[in-house]
Amino acid sequence: MKIIFKILFLLILLTENAFADYLKEYVAWLKLNHKTQSQFLNLKEAKDGPCIGCQNYTTRTAENCFEKGTGEQKKQCITKEWDKQWNRYKWKPDPLPVSKKLLKNRKILGERFKYDSNPSLDRLHYQVFHYLWDDKGWSKQEVSGSENPYKFEFSLREDKEVDKQLERSGLLSYLMFENGKIVVDKKTSKERLGILFNDKTYWTSASVGKSITSYVTGQAICDGYIDNIDVKLSDWPLLKDTLFQDITLIDLLNMAAGDQKFIKNHFRKDIGIKGRERNVNVNTIKYHMEGTFKGSKPKKNIYNYSNLSSNIILNYIWFKSNGDFQKILDKVFKEKAKVAENVFFLKQNNRTVMNKYEVADESGPLRYSFRANRYDYLRIAKAMMDDWQNDTCVGKYLKKINDRKISKIKKNPNKYSAYGFSKSYGGQFHLNFPGFKDRNIFVLDGAYGQSILIDMDRSKIIVINAVHLNYNWHKIGLSALK
């Protein structure tokens, strides 16, 4: 029992720290947008003063925004109420529901608490702001929008269940595409989270980016840069003398690289390496291989979900492309998906790496984290479905990774997300869902409730963007495919 309470305390502490990152910027933003955001600011009376004209504040420093007032007035404009608001938003974490059944299973403790919590509207509003700022300072591996973007047809119908979820949860956007047309198109209202999220918003993909990385892998194979999914990665110098040097690409795609001694999503706490950041996304592949994995040997190849595997795959494509990496991305997103706006993967630089060192393309700085707007996520999903149905080379790749999927061996499946409910994993996609026997359902799944569900057989796609997974994913996601 003491161990459980220690875990609970740690979870609360981590949650508190996570919400502190952009809190001052958020309070400043609220103050400068007081006319439209008064419901979140809690001021008795908002006054313009020297702050007039700052309703479109979008930068980190207030000095870049003010249209009038002296330098000192500019400073006082946000500091007068700053301390008051700062103290207000130093909230304690939302109450975490605890059930006896949950406490018996420590392995899913952190995951289930996150999914079960039900944040207030204030908290959700801040979370949106936080995630929109989360890529500030990062470099981008960017693809410009197509000159001839795919144009959707619409045949809209109402969906009361989606409306209900939008009004009570962290659901931001819901798109359903069926038989060539968008049939449901819903997003959060201005009264809730719509002042921060709209059709043009670049929203996080979270681990949905892992599946998008896999799709790029298929294109790299079809264009001849990589032989097939069974190649070993021993030709990449960065992996020399590590457990990954003789691992096959399909093992990495299936999250079965034999790295469970070191990593479980992020680095394990008990591996005994001091001074190394647990988050694998804030250091390069070279840094990890020369440190944590130097001289390592693989264990049994079993399913072990890891952020590092996806980063290795994406950077391996860069290595094998011989300078054509941008060409591969352009083909996937501009030519095939025909995205309307720019899309990009995040890329580390000297400022963003945790331990501050020189970063070069050769060191593996690419990160699977991907950004696009709500309609472009649908365009990318449609391209995947088109490849499958037209049996293109990339379509054959998708079918092959589906055939080579492995069991997750999950003892406690849950209906919160595809990650928790699917029985199998193949090629960075969640596959094999209860109740959908003999149906080729591919699901891209990510933190905070990101989900893209593709029914390859019935030409149906659902794209969900969210800031928190307190909506009913099973009801408006998976079950909506039936």
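All of the numbers you see were taken from the coordinates with simple rules; none came from a lab. None of these values were measured; they are calculated from a predicted model. Here the Cβ is made from the backbone with ideal geometry for all residues, glycine too, and neighbour counts use every protein chain on show.
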_Calculated diffusion of the range 291-367, Stokes-Einstein form, Kirkwood radius summed over Cα pairs, 10 °C and 1.306 mPa s, µm²/s_ = 106
*Hey, fewest Cβ within 10 Å first, where do GLU153, GLU147, GLU161 land in order?*
GLU147, GLU153, GLU161
*Pairwise label distance in nanometres, ARG168 with THR392, each label 7 Å out on the Cα-Cβ vector*: 4.1
*asked:* Counting C-alpha atoms alone, how compact is the range 194-311: give Rg to one decimal and Dmax as a whole number, in angstrom.
replied: 16.0, 51
*Using Cα pairs closer than 8 Å and at least 6 residues apart in sequence, work out the relative contact order for the range 334-465, in percent.*
17
_Sorted by Cβ density within 10 Å, fewest first, the residues TYR357, TYR174, TYR448, TYR303_ = TYR357, TYR303, TYR448, TYR174
*Quick one: what do you get for the range 326-455 if you divide its Cα Rg by 2.2 N^0.38 Å?*
1.21
*If we count other beta carbons within 10 Å of each Cβ, what is the order of ASP455, ASP135, fewest first?*
ASP135, ASP455
